[in-house]
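S.K.: Encoded as structure tokens, here's the structure I'll be asking about.
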Amino acid sequence: MPGQKENYFVYADPAKCLGCKSCELACGLEHAKADLFAAVLAGLPVQPRNRVVEAAGIRTPIQCRQCEEAPCALVCPSGAISREEGMIWLDKRLCFGCKSCVMVCPFGAIQVRDEGKAMKCDLCVDSPAEISASQCACIRACPTKAISLVDSEELRQKLMAARVGEIAQARAVDKPPAV
């Protein structure tokens, strides 16, 4: 949609990931609204919205990438998945568990669990105004700082500044010395 902010997303650097699953546990506890001991004592379901996968010796957490043209939102027949100011939202009240979103997610980041409703990363917030790295339980829990929150516009500005710097440096090298 024109004029909307580009989506934030969580990036995980596989070179730094230990595969310790601290991010999974933190995510599950954040959504259970309990600490580990309280969750165990109360028998609360600890269901993370991310999961650590390993392939060819590389470990990395997988979670919703908050796609700009989110295929999950396009196929959701109930309208439970929508895009709002920098995020793809899932309204579990509208979800009836058809799994269409699971089938089209290119990252395998949406799951349907025990309660029969879709689950995906919600950046640990209830509104777009709250989005920040300090809100994301997985980012706070990662011991190697392999996980970070990316603001697409901020990333684009950094990349442009780096390119301008490279061009300026190349120009300075090509310029003959003043006499």
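Computed from the coordinates by the stated procedures, all read-outs in this text should not be read as laboratory data. As the structure is a computational prediction, the values presented were derived from the model and not from experiment. Every residue, glycine as well, gets a Cβ built from its backbone with ideal geometry; the counts of neighbours run over all protein chains shown.
S.K.: Collect the residues in segment 46-77 that are polar (S, T, N, Q) and over 15 Å from residue 119 (Cα atoms), keeping them in residue-number order.
M.R.: 60
S.K.: Looking for something under 21 Å from residue 139 (Cα atoms) and touching a Ser or Thr at 6+ places or on another chain (Cβ under 6 Å) - is there at least one such residue anywhere in segment 37-55?
M.R.: Looking for residues that are under 21 Å from residue 139 (Cα atoms) and touching a Ser or Thr at 6+ places or on another chain (Cβ under 6 Å), one finds none in segment 37-55, hence no.
S.K.: Among the residues of segment 29-69, what is the count of those that are more than 21 Å from residue 105 (Cα to Cα) and not aliphatic (A, V, I, L, M)?
M.R.: Qualifying residue count, segment 29-69: 8.
S.K.: In addition: Quick one: count up the residues across segment 6-58 that are within 30 Å of residue 153 (Cβ to Cβ) and part of a helix (DSSP H, G or I).
M.R.: Residues meeting the conditions: 7.
S.K.: Next up: With the requirement that a residue be among the small types (Gly, Ala, Ser) and over 23 Å from the mean Cα position of the chain (by Cα), what does segment 27-47 give you?
M.R.: Those that are among the small types (Gly, Ala, Ser) and over 23 Å from the mean Cα position of the chain (by Cα): 38, 39, 42, 43.
S.K.: Can you tell me which residues in segment 86-113 are among the small types (Gly, Ala, Ser) and more than 26 Å from residue 153 (Cβ to Cβ)?
M.R.: From segment 86-113, those among the small types (Gly, Ala, Ser) are 86, 97, 100, 108-109; that's our starting set.
Correct list: 97, 100, 108.
S.K.: Restricted to segment 16-39, and to residues that are among the aliphatic types (A, V, I, L, M) and touching a residue at least 24 places away in the same chain (Cβ under 8 Å), which residue is surrounded by the most Cβ atoms within 10 Å (Cβ to Cβ)?
M.R.: Here the residue is 26.
S.K.: Please return the ranges of strands (runs of 3 or more DSSP E) entirely within segment 63-179 where 1 or more residues are in contact (Cβ under 8 Å) with a residue 40 or more places away in the chain, of a type in the set (Val, Ile, Thr) and buried (at least 19 other Cβ atoms within 10 Å of the Cβ). Walk me through it before giving the result.
M.R.: Working: elements: 81-84, 87-90, 147-151.
Because the criterion is at least 1 residues that are in contact (Cβ under 8 Å) with a residue 40 or more places away in the chain, of a type in the set (Val, Ile, Thr) and buried (at least 19 other Cβ atoms within 10 Å of the Cβ), the strands (runs of 3 or more DSSP E) in segment 63-179 that meet it are 87-90, 147-151.
S.K.: Among the residues of segment 10-27, write down those that are of a type in the set (Gly, Ala, Ser) and more than 17 Å from residue 133 (Cα to Cα).
M.R.: 15, 19
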